[in-house]
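Heads up, the thing below is written out as structure tokens.
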Amino acid sequence: MSGPPATVRAETAPADRPVWTLLRERWFSTLFLTDMWERFSFYGMQALLFLYATAPETDGGLGLSDGTAGALFGLYVSASFLAAMPGGWLGDRVLGTHRAMLTGAIVIAAGHLCMAFPARAGFYAGLALVACGTGLLKPNLPVMFDQMNPGADSARRRAAFSLFYMSIQVSALIGPLVTGTLGERVDWHLGFGAAAVGMLLGVLQYVWGASSLRGAHTGPSRPLPPAAQRRLVRGAWTALAAAVLVAAGVTAAGGVLLRPVLALCGLASLVLPVVAFRRLLRADGGLDDAARERIRAYRVVFVPSVLFWAMYGQLGSVFSLFAREHTDREIAGFTVPASWFQSAHPLFLLLLAPLFAWLWLRIGGRAGSVRKFSAGLLCAAGGFLVLAAGAALATDGRQVSALWLLGAFLLMTCGELVFGPVGLSTTAEAAPDGHRSRMMGLFYLGAALGAGAGGQLSHLVGVLPLWVYLSGFAATAVATALALARRTVRI
């Protein structure tokens, strides 16, 4: 027996009110603060992970090579996105949107607490917990957001998602400054602990503000039968035991097994999108021909998304490497920590999101999702070309102006402001009833494939000159964008 329909109070977010009035809504602030603290922990992790992994063991780090550390970072981002598919399914069939979000936030906080302790076992276990928690929280949060913003047309929905993106960048801007300073200057694990404190605050405020979400359907849209639930519990315990054994093996082997684990996860990220598409098309939830056609058309934007997220996955690894090794960080005798440059990305998001929110309302339906994705890829390609030029100048140990790195971050930010809100909104529009969280999980699964592939490609950093490596990404993105611009399919 299915739950009640996904309805909201009419006064929650009337469609004829300006999109900016969402800032005054209690439900908006509750979701905003939850995602804000999740972004604090995510960007704090992004600022620390590569630098911690490459730091010598005598300095408290893992002592990994640049390529292996880049692959580890890609694994973290990929696993976080990869977990979104089962996370979305759990939101649809088992937990419901509200409980999935709350459980995910708690698991993320627990993961950062594990990483706050100076033990390799705690670090790898913490990474796994953060990835699983993110997989529960991220696909269900935009579903809740969409439920609380009813009656919105496509342009308004995209503008609302852009406004939401803008709001959460406040803590994403602060995260690298706080965790990076504590991690680089005091102790790595103290930085991870700061991320845990932030996520705990996010959990507390979500519980406190949950009453504002009562207008949204918070139970599973298509609950599993009891027998299937029992099988799910047994499978979950089996998966947990396997994860513990893998983490213990990697820890006991001193990192020797890390590469095979990374390769296995990369293979999984290639296979799972195909399986997910097939299962969604064969769903037993009453899909009509029009719904199936929307899902098939979604593949046109899914493939370019993989490339973009492969490039995005370089922000915390290759971009951090460029900041540490090739950037002049001296300002009036003060050496800027390399981790601080990770705040440039959310800063540009914060500054540019209002412009993009206005742009989507201005353009409306005149430009389809496919052309917008093409523009986003061109922005990302421009960012990598800028950084490639800086890397070409930074030869023989020379350092270049930070403006090269900041310019690359700026253009990548423009690309994300297309792929983020437009991708989420397009996915929401293509999602059939009863499969919305699952479809959102499919969006993040494409990001998992890209981040995992990008992480594996980072091994080439130790083989190719950095400017060649970056130029290869840029050339591929330009070619894909031009091919995509010629497509006429609309979703």
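Every number here is computed from the coordinates shown, using simple stated rules; none is lab data. Just so you know, these numbers come straight off a predicted model, no measurement behind them. In this analysis, Cβ positions are derived from the backbone assuming ideal geometry, glycine residues included, and neighbour counts consider all displayed protein chains.
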Exercise for review: Can you put Ser458, Ser401, Ser78 in order of Cβ neighbours within 10 angstrom, beginning with the fewest?
Suggested key: Ser401, Ser458, Ser78
Point to revise | Among 203-212, 303-312, the order from most to least packed when residues are scored by Cβ within 10 Å on average | key: 303-312, 203-212
Practice item. Consider a paramagnetic label point 7 Å from the Cα of Ala119 along Cα→Cβ; state which residues of segment 42-83 have an amide N under 19 Å from it. Key: 60-62
**Study point:** Highest-first arrangement of 418-425, 354-361, where packing means the average Cβ count within 10 Å
**Key:** 418-425, 354-361
Point to revise | Sequence ranges 383-390, 35-42, 344-351, ranked by mean other-Cβ count within 10 angstrom, highest first | key: 35-42, 383-390, 344-351
Practice item. Apply 1/(1 + (r/R0)^6) to the Cβ-Cβ distance of Val207 and Leu240, taking R0 = 25 Å, and write down the FRET efficiency to the nearest 0.05. Key: 0.50
